[in-house]
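The values are calculated or read from the model by the stated rules, or taken from the named source; none is laboratory data. What you are looking at is a predicted structure, and each value in this text was computed from that prediction instead of being measured. Virtual Cβ from ideal backbone geometry, glycine too; neighbours counted across all protein chains shown. With ligands, DNA and RNA removed, areas are computed over all heavy atoms of the protein, side chains included. Shrake-Rupley method; radii C 1.70, N 1.55, O 1.52, S 1.80 Å.
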Amino acid sequence: MKEFISYLRDQYHYTEKTLIEKEKQVLLWKKLCSRKQNFDRITTQELLKIIELQQKKYQLNTINAQIRSIEQYFEYLQFTGKRKDHPLKNFRIKTPKKALITGFLSEEELQNIEKEFRKRKYKKGQFSLFGKRNRIILGLIIYQGLNTGSLRELKVKDIDLEKGIIKVPEATENRLKERILPLEASQILELYRYINETRSELLKLSKTVKETEKLFILSEKTRFSSITSEIRKQINIQSLQLIRNSRINLWLKQYNLREVQYKAGFRYLRSLEYFNQTELENLKQEIEKYLK
């Protein structure tokens, strides 16, 4: 194993901690072989049986990390001429993809999305700061139904924490009007921390922006759409617009049309026709399920 570790050190320049971990992984797999098996000459089919056994004990990320070490071990055997073929080249277990979220969401589903997003863990430093910023953005979409244009134009002065309100600026590209919306109690403390701590740290990290009134700091090379796109991928949803539409749909069940028009920022009442039509279509699809 010493020669294998030297190979990894020369080829991949791993830290000693990583080298020790990889040695442990290879030794573990060698122990899983029967007495009749020679691990250095093991076949692909025999390795697949070991993988199947490991799947019962470990999570996919752990198994794939082990497979990578085993793959490198057989690369080493090829490199030293001890083996001609490679039984496990570029093999990985794919993580099953979750189905994309579609259709109007209920209040419970919206809150579950936020709850799961809060559980996400980030590396320390700037990634942790980005995570805190993204939680603020997602919260404003979930509870206030803000769209990307409005979020991008928000300024620090638009947040009134004492009154617990947010002044949503006009979004000309989306033809949305200015309005004032209440903040959820859970958002107030988080926004206070973001404005006074997280945002200040993000401003220090920015090399191109030294001062700005904007709530969410963007460098010259960063588009706001890249931030919202990352959030969308992390919650595995078809579009963040779906969350805004779901909030508007829930408002329609609580308030009259004029109130919802104001909260959504729509210039025209007819913009709400889409939601009534979509609800009818969803109901029709649900009924058809039982008729088939």
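Some points to look at:
- Note on region 187-210: among residues that are in contact (Cβ under 8 Å) with a residue 24 or more places away in the chain and not aliphatic (A, V, I, L, M), the one that is farthest from R244 (Cα to Cα) is E201.
- Neighbours by Cβ (under 6 Å, 6+ apart or cross-chain): first from region 54-68, closer than 16 Å to T18 by Cα; second modelled with pLDDT of 90 or more: Q66/Q25
- Within region 137-173, being open to solvent by 10 Å² or more (accessible area, probe 1.4 Å), in contact (Cβ under 8 Å) with a residue 60 or more places away in the chain and out of contact with any strand residue (DSSP E or B) (no Cβ under 7 Å at 6 or more places or on another chain) holds for Y143, T148, R152.
- Condition check for Q54 on (1) modelled with pLDDT of 90 or more; (2) open to solvent by less than 60 Å² (accessible area, probe 1.4 Å): one failure, at (1).
- When region 179-192 is limited to residues that are open to solvent by 20 Å² or more (accessible area, probe 1.4 Å) and within 22 Å of the chain's Cα centre (by Cα), the one that is nearest to G149 (Cα to Cα) turns out to be E190.
- Selection count where residues are open to solvent by 70 Å² or more (accessible area, probe 1.4 Å) and either in contact (Cβ under 8 Å) with a residue 40 or more places away in the chain or in contact with a His (Cβ under 9 Å, 6 or more places away or on another chain) (or both), scope region 112-136: 4
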